[in-house]
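Data block below; observations after.
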Amino acid sequence: MKKFLIYVAGAAFAFAAASCSEEQLGDGQGNVTLRASINSDVEVVSRASDAELAENCVIWISSDKGLVRQYNGIGEVPASIDLVSGRYVAEAWAGDSVSASFSDRCFKGYEVFNVEAGKTTQVDLVCKIANVVASVNYQENLEDFLSDIKMTVGHNRGSLIFEGRDDRKGYFMMPSTSTGLSYELEGTQVDGSPFYFAGTIDNVKPATEYVLNVSYSVDESNIGGAVFTIKIVENEITVNTEIELIAAPRITGYDFDINKPLVSELGAMGRRCVYITSATGITDIELRSELFTSMSTFLGEDVNILKMNEDGEAALNALGINHSVTQGEQEGSTIVQINFEEEFTNALANGDYTIAISATDDKGKTSNATMQLSISDAPVLTTAASDVEMYAATLTGVVNKDEVESIGFNYRAAGTSEWTYVEASSAQNLVKGSTFTARLENLNAFTEYEFAAVSGDYVSAVVEKFTTLDGAQLPNCSFEDWCNTSDGVLIPGTDTSNNNNFWDTGNHGSNTMSVQVTQQNTNSLYVADGKSSAKLRSQFVGVDLGFMKAGKFAAGNIFVGKYLDTEGTDGILGWGKPFDGAPKSVTFYVRYEPGTVVSGNNMGSGEYMPVGATDQGMVYVALMDDSSDEREKTYKEWPIVIRTKTSQLFEKENPHIIAYGEMVFDKATDGSGLVKVTMPLEYRSDATPSRIVFVASASRYGDYFQGGEGSTLYLDNIHMDY
């Protein structure tokens, strides 16, 4: 999955029409408007690439409790985002994360902001280039001494060849296993002999261009020969332009969802308004409907309301359709209001009608929508659900006749076959135009339901849908984000200081021997969602001296918490971060490939896995209260502190654990890719959890330095089930 940064223009202004009104914020809420941009080192970006970035975007907003908003595509981002007051982080990505390319670039944005109750917060999310950039510059007349020049630059996952005086820039995304760019200069000297020189640019940094300046000096002792020198100049990337990615025009209905049918009895539809908003000018708005030809002898099936002549506009107005164009709050933005007056809508006979709407801006971007009108003499009408919660929702309907029989609703989980009937809670003394409701309880979380109004033997043909809310989830639960710390340790997350990342690994310890036991996997065979997953690989970490091996066995692992410190060759880990959900189970995707158990230091605890046996992988989750680790005097802020040196390890019988679940993989998982598993959580008390411990290991007894060489566990797409 590609991730792209967007500039949310065309959505960040309110409707100016007098008939519109703003919804009031709830207590303790504020709202946020996003303005995002890309700092680019390239002055010109094509319209095609602008469009691709705008159409394939993802923006995340997180709090300290995890991900709270995710927008996939520019069309999902609302004009303003309502959030409870508090501290948040907005993150965005743009472009392609390609190992090496002359054209594909990757950008990342990260912005911390606060939301205050009753106030609007403008968040300017600047996405900066994440690539390491390289270019080559040759001294004038160098070809007099070296011909057929070729410079190859890259790392162990990709390289680029600069042929001749190639003045392009090369863009590199560095793998976790490499911190340097290698380069090789090749050519033919004047005497016909080949020339070759190789080197490495160590500790390269993102958003930095490394210019390889190739120069020469004449070697007087060798007539016609020269001495070649390569000097590396490090430059911070210069921002030549700020690219604003403009959204296509947005088409919305006032006080109704344009993606759902508008249902009314005969002669009662009333005035309906459609708004088209754009961050720039609008050149074309086309309406298409068979109604135009059936209701007017002058109009065709298609009309362009912005380019009609006077006669055409008069004919459309005579039907009861008119429009107005106004300037939006942002400079250059446009709002078009299309009014379908009651003389048009109320004249429609019983039946279903559609009006297709297409809007094109002056950048050539087009949006489409269809307004659906359903005129019916049905006794009851189905309307949208309200008060949707994690386990509950209120079904709503409207009485459409003066006399109706018993009323209620049919409902079911979408995709199932059986309907369940529930009587309306306000089924007495209803008159035409009255709203009736039914409150559903004990629904499943994060599940789509559908329902229809019922009166006697009549069941509404209009079926409304709603999706119950999801519970709290773990940030970065699909392991899309990885970064390197200043000392080269690969960690899940975006904060290179590792102070705000939700996940961590034992890489901090194994990296002292230049090994990282937990990696970002990009092989699509082992990815369930997005572009990457976590790859945990157990192995011996150390050196082979011939007569003995110096080092330790290290299990590939990942956990919610932080690697706190290293004691000699042992780690100190803090486990458990704030979490306020109470899930029933945990679903995730996993692939396990066990190795054969090798010997290791069992710290006097007994040999849990016999040498030569098949290793076992493990995933476990503990929901805890807010107590600190009673064994710990130094790191008191953590509910669990692991010290492998003193065998201070996790104890699943800890009295502060409210719920616990574990899954052991004692053999390879089925098939060749990931498998979906659901791990139940057993609750030990009715207390409300406030912390979560989540641990995955490619070797079940890795705490005791026991496990299989090469045991590998892939993990992706973790979901808390409520």
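In table form, for the structure just shown:
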| read-out | value |
| --- | --- |
| Residues of region 515-538 that turn out to be within 15 Å of PHE588 (Cα to Cα), assigned to a loop (DSSP other than H, G, I, E, B) and small (Gly, Ala, Ser), as a count | 3 |
| Residue within region 649-659 that is small (Gly, Ala, Ser), in a strand (DSSP E or B) and at pLDDT 95 or above present | yes |
| Positions within region 324-358 being crowded, with 19+ Cβ neighbours inside 10 Å and more than 30 Å from GLU265 (Cα to Cα), in sequence order | GLY328, SER333, THR334, ILE335 |
| Residue within region 675-683 that is over 20 Å from ILE657 (Cα atoms) and in a loop (DSSP other than H, G, I, E, B) present | no |
| Region 514-537, subset among the β-branched types (Val, Ile, Thr), at pLDDT 90 or above and out of contact with any Gly (no Cβ under 8 Å at 6 or more places or on another chain), residue surrounded by the most Cβ atoms within 10 Å (Cβ to Cβ) | VAL527 |
| Tally of residues being at pLDDT 90 or above and over 15 Å from GLN139 (Cβ atoms) across region 209-231 | 2 |
| Failed item, numbered, when GLU651 is tested on (1) touching a helix residue (DSSP H, G or I) at 6+ places or on another chain (Cβ under 8 Å); (2) more than 24 Å from THR596 (Cα to Cα); (3) surrounded by fewer than 12 Cβ atoms within 10 Å (Cβ to Cβ) | (1) |
| Some residue of region 128-149 being of a type in the set (D, E, K, R), within 30 Å of VAL84 (Cβ to Cβ), out of contact with any helix residue (DSSP H, G or I) (no Cβ under 8 Å at 6 or more places or on another chain) and at pLDDT below 90 | yes |
| Criterion violated by GLY192 - all others in (1) more than 33 Å from the chain's Cα centre (by Cα); (2) on the phi < 0 side of the Ramachandran plot satisfied | (2) |
| Contacts under 6 angstrom Cβ, first residue in region 379-394 being of a type in the set (Phe, Trp, Tyr), partner assigned to a loop (DSSP other than H, G, I, E, B), 6 or more apart | TYR391/LEU443 |
| Single residue of region 560-578 satisfying the filter (at pLDDT below 90 and assigned to a loop (DSSP other than H, G, I, E, B)) that is farthest from the chain's Cα centre (by Cα) | GLY568 |
| Residue within region 357-371 that is touching a residue at least 60 places away in the same chain (Cβ under 8 Å), in the same structural domain as LYS260 (by TED's automatic domain parsing) and more than 25 Å from ILE321 (Cβ to Cβ) present | yes |
| Residue that is nearest to ALA698 (Cα to Cα) [pool: residues in region 613-646 that are touching a Gly at 6+ places or on another chain (Cβ under 8 Å) and of a type in the set (S, T, N, Q)] | THR614 |
| Restricting region 71-107 to residues that are of a type in the set (Ser, Thr, Tyr) and either over 19 Å from the mean Cα position of the chain (by Cα) or at pLDDT below 85 (or both), the residue that is farthest from TYR171 (Cα to Cα) | SER85 |
| Which listed residue is among the aromatic types (Phe, Trp, Tyr) and over 33 Å from the mean Cα position of the chain (by Cα), from PHE162, PHE172 | PHE162 |
| Only one of THR297, THR280 that is within 40 Å of the chain's Cα centre (by Cα) and either among the aromatic types (Phe, Trp, Tyr) or in a loop (DSSP other than H, G, I, E, B) (or both) | THR280 |
| The listed residue being surrounded by fewer than 17 Cβ atoms within 10 Å (Cβ to Cβ) and more than 20 Å from ALA622 (Cα to Cα), out of ASN499, ASN507, ASN511 | ASN499 |
| Residues of region 642-666 classified as farther than 22 Å from ILE718 by Cβ and of a type in the set (Lys, Arg), total | 2 |
| Contacts under 8 angstrom Cβ, first residue in region 625-646 being free of Cβ contacts under 8 Å to residues at least 12 places away in the same chain, partner in a loop (DSSP other than H, G, I, E, B) and among the charged types (D, E, K, R), 6 or more apart | SER628/LYS636; SER628/GLU637; LYS636/ASP629 |
| Residue match in region 345-361 (condition: out of contact with any Ser or Thr (no Cβ under 7 Å at 6 or more places or on another chain) and in a helix (DSSP H, G or I)) | yes |
| Qualifying position, being out of contact with any helix residue (DSSP H, G or I) (no Cβ under 9 Å at 6 or more places or on another chain), not polar (S, T, N, Q) and not assigned by TED's automatic domain parsing to the domain that holds ASN259, among GLU389, GLU286, GLU342 | GLU389 |
| Among residues of region 386-413, those that are under 22 Å from LEU262 (Cβ atoms) and touching an Asp or Glu at 6+ places or on another chain (Cβ under 6 Å), counted | 2 |
| Complete set of residues in region 496-514 that are under 19 Å from VAL560 (Cα atoms) and assigned to a loop (DSSP other than H, G, I, E, B) | THR496, SER497, ASN498, ASN499, ASN500, ASN501, PHE502, THR505, GLY506 |
| Top-ranked residue of region 389-413 - restricted to ones that are at pLDDT below 95, hydrophobic (A, V, I, L, M, F, W, C) and assigned to a loop (DSSP other than H, G, I, E, B), ranked as surrounded by the fewest Cβ atoms within 10 Å (Cβ to Cβ) | MET390 |
| Of all residues in region 494-511 being modelled with pLDDT of 95 or more and not polar (S, T, N, Q), the one that is farthest from PHE579 (Cα to Cα) | ASP504 |
| Strands (runs of 3 or more DSSP E) enclosed by region 89-181 - at least 2 residues per element that are touching a Gly at 6+ places or on another chain (Cβ under 6 Å) | 106-115, 120-129, 146-155 |
| Qualifying residues in region 694-714 (those that are closer than 21 Å to PHE650 by Cα, modelled with pLDDT of 95 or more and in contact with a Leu (Cβ under 8 Å, 6 or more places away or on another chain)) - the one surrounded by the most Cβ atoms within 10 Å (Cβ to Cβ) | ALA698 |
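Quick grid of which residues meet (1) within 20 Å of ARG700 (Cβ to Cβ); (2) in a strand (DSSP E or B); (3) at pLDDT 95 or above:
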{"position": "GLY546", "(1), (2), (3)": "no, no, no"}
{"position": "GLY551", "(1), (2), (3)": "no, yes, no"}
{"position": "ASP580", "(1), (2), (3)": "no, no, no"}
{"position": "TYR589", "(1), (2), (3)": "yes, yes, yes"}
{"position": "MET603", "(1), (2), (3)": "yes, no, no"}
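The values are calculated or read from the model by the stated rules, or taken from the named source; none is laboratory data. Nothing here was measured: the structure is a model prediction, and the numbers come from that model. With ideal geometry, Cβ positions are generated from the backbone for all residues, glycine too; neighbour counts draw on all protein chains shown.
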